[in-house]
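**Q** What follows is a single structure, and I will ask about it in a moment.
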Amino acid sequence: MGIRIVIVEDDAKFRDAFAHAIRGADDMELVAVAAHGREGLEALDRYRPDVLLVDLDLPDVRGLELIRHAHVHVPECDAMVVTVFGDERHVLESIEAGATGYLLKDSQPADILDHVRGLRAGGSPISPVIARLPSSRSASSRC
């Protein structure tokens, strides 16, 4: 059995691209796809996936709520944010909620597969542009 994944994404273009890429991977299993947060919560509880791919901006339940739910109720699940929001506030809120990866939607679906593998291997994939965000700390407080 491969890496079991739930996708929660309201944009059909991205949702379909992610699903297509995962279905083509021999080491992954797409167990559920949801367009709304409530469907995503149900899928988390029902399938208890290894990985949650989640957008932050969903029409009914915020992606952060899904991440928190997974962190508490499905602790074996890694939450990977895939979003258009690349600002520090969204990144920090996601990590505080329990996300272990953060990618921007400019990532290619095939690259996301590699990031999922890295996530399950203990890594914390992050888009390069996010990793280079200026720190809110002053230069004098850096080591």
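The values are calculated or read from the model by the stated rules, or taken from the named source; none is laboratory data. Keep in mind that this is a model prediction, so the values were computed, not measured. We place every Cβ from the backbone using ideal geometry, glycine too, and count neighbours over all the protein chains shown.
**Q** Among (1) in a helix (DSSP H, G or I); (2) in contact with a His (Cβ under 8 Å, 6 or more places away or on another chain); (3) over 14 Å from V8 (Cβ atoms), there is one condition S107 misses while meeting the rest; what is its number?
**A** (1)
**Q** Check H69 against each of (1) over 11 Å from the mean Cα position of the chain (by Cα); (2) surrounded by fewer than 21 Cβ atoms within 10 Å (Cβ to Cβ) and name the one condition it does not meet.
**A** Every condition holds for H69 apart from (2).
**Q** Being surrounded by 16 or more Cβ atoms within 10 Å (Cβ to Cβ), in contact with a Leu (Cβ under 6 Å, 6 or more places away or on another chain) and modelled with pLDDT under 95 is the requirement here; does G86 meet it?
**A** Yes, satisfied.
Results for (1) closer than 14 Å to A97 by Cβ; (2) part of a loop (DSSP other than H, G, I, E, B); (3) of a type outside the set (A, V, I, L, M, F, W, C); (4) touching a residue at least 24 places away in the same chain (Cβ under 8 Å), shown as yes or no for each residue.
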| site | (1), (2), (3), (4) |
| --- | --- |
| M1 | no, yes, no, yes |
| R15 | no, no, yes, no |
| A25 | no, yes, no, yes |
| L30 | no, no, no, yes |
| A43 | no, no, no, yes |
| L53 | no, no, no, yes |
| L56 | yes, yes, no, yes |
| G86 | no, yes, yes, yes |
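**Q** On the given criteria, is S94 modelled with pLDDT of 95 or more, of a type in the set (G, A, S), closer than 18 Å to V8 by Cα and not in a strand (DSSP E or B)?
**A** yes
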